[in-house]
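Here's the structure, in structure tokens; my notes come after.
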Amino acid sequence: MNAVPPCPPRDDGPSPWPGRTAAAALGLPALSRRQALRLAAAGAGLAWAGATPAQTPPVSEAQAGPLPPLGSRLQVPELMLLDGRPWRPADAAGRVLVLYWWASWCPFCAVQSPLMDKLWREQAGRGLSFVGLSIDRKPEDAVAYLQRRGYAFPSAWVTPAVQRALPKPKGLPVTVVLGRDGRVVMSEAGQLFPEDVESIADFL
């Protein structure tokens, strides 16, 4: 599985952590489309580098850890969604759960988020659980962004308490998928291609 490199942290330089999935072992050749996406991503990164301090992510990339390995278990805490509804781990028991770290200021998230919203709308009825995890500095920024874009996927704001209980891996966006048994079946940092997002439905 191929992914565009994640959004670079503001002060720490490009993230050294590549995406990790079982498909990486296939050794698929690089595609011209991938090269084009990298060029576009580089341009977006330059624009993002000029972001104001208010757009600086509250989660420190310097202290972020690696992606959870495939086959590991991830404990997801109770969350308060941005629409005011509570989310509990029991809500995803026996279901495939997508965890998607994103931010309104992240250019790569802006490309992947509509694909994630489409996945949620099409697969929720088949038993897909989904929690977006916004690392925006203020929850109001995340709410306004979701409303402006018309996205429906459930999202929570990463408070310090949430960050302690469920640390964000290095990179952005970050996509982690837990299988029905609660084990990690996909673990990716960086923008996913459309076919990669669509393939998440194969875990259902």
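Every read-out reported here was derived from the displayed coordinates using simple, explicitly stated rules and does not represent laboratory data. No experiment lies behind these values; they were computed from the predicted model shown. A quick note on method: Cβ atoms are made from the backbone with ideal geometry, for glycine too, and the neighbour counts reach across all protein chains shown.
With a simple spin-label model that places each label point 7 Å from the Cα along the Cα-to-Cβ direction, the separation between Arg183 and Asp91 comes to 2.6 nm.
In what order do Met116, Met80, Met186 fall by count of nearby beta-carbon atoms within 10 Å, going from fewest to most?
Details: Met116 22, Met80 14, Met186 26.
Fewest-to-most ranking of Met116, Met80, Met186: Met80, Met116, Met186.
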